[in-house]
1. Which condition from (1) open to solvent by 40 Å² or more (accessible area, probe 1.4 Å); (2) within 22 Å of Asn21 (Cβ to Cβ); (3) among the acidic types (Asp, Glu) is the one that Asp122 breaks?
2. Can you tell me which residue in the range 27-74 is surrounded by the most Cβ atoms within 10 Å (Cβ to Cβ), limited to those that are over 20 Å from Asn104 (Cα atoms) and small (Gly, Ala, Ser)?
3. Return the total of residues in the range 101-114 being open to solvent by less than 90 Å² (accessible area, probe 1.4 Å) and without any contact (Cβ under 8 Å) to a residue 24 or more places away in the chain.
Amino acid sequence: MKDIQITLESETSNSLQKYSNRNLELNSDEFIQHLNEYEQWLRVLGYADSTVYNFPAYLRAFLFFLESKNIKSLCRVKHFHVRQFVNYLSQRLTDKRQKPLSRNYQLNYLNALKRFSRYLLDCHGIVLDCSVQVIRKMPSERERAWLTKSQIVSLYNSCSDGISGLMNRAI
């Protein structure tokens, strides 16, 4: 899979600007039209202002991803492409910390796609299967250390017999 890395440089300085999906340029007229209609659809249905603002930006990233795969029409989008996009999101690094996107951000992208699929079905009769799950990968360095029975007994015995000790035992 071709890696998509986008870096925007300011013309006045060499400092890097913040990455934004809103800066991704779409070439497909169909994608641009659906993106604008989707935003209007969200507004008409009374979604929160933050949803009306953010979901089209998340969708723009997906449509840009499709264009990078040389897909210019929604009729050509398959379930496989949605899975590829979610996989890409799980590997994409954040600008600040150079860590993968959090599970919550990935879910935001997926929720925007699910709303878009509902828009497509309701308004255009196009079916887009977005039944993909975001799987959280546990880092290997965060392995859990289990207490032994003797360590647990030692913890209980270290609590005092007063009210705070009883509360600590209960916890």
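1. Looking at each condition in turn, Asp122 falls short on (2).
2. Selected residue: Ser28.
3. 3
The values are calculated or read from the model by the stated rules, or taken from the named source; none is laboratory data. Please read these numbers as outputs of a predicted model, since none were measured by experiment. Heads up, the Cβs are rebuilt from the backbone with ideal geometry, glycines too, and the neighbour counts pull from every protein chain shown. We work out accessible area using only protein heavy atoms, side chains counted, and drop any ligands, DNA or RNA first. Shrake-Rupley method; radii C 1.70, N 1.55, O 1.52, S 1.80 Å.
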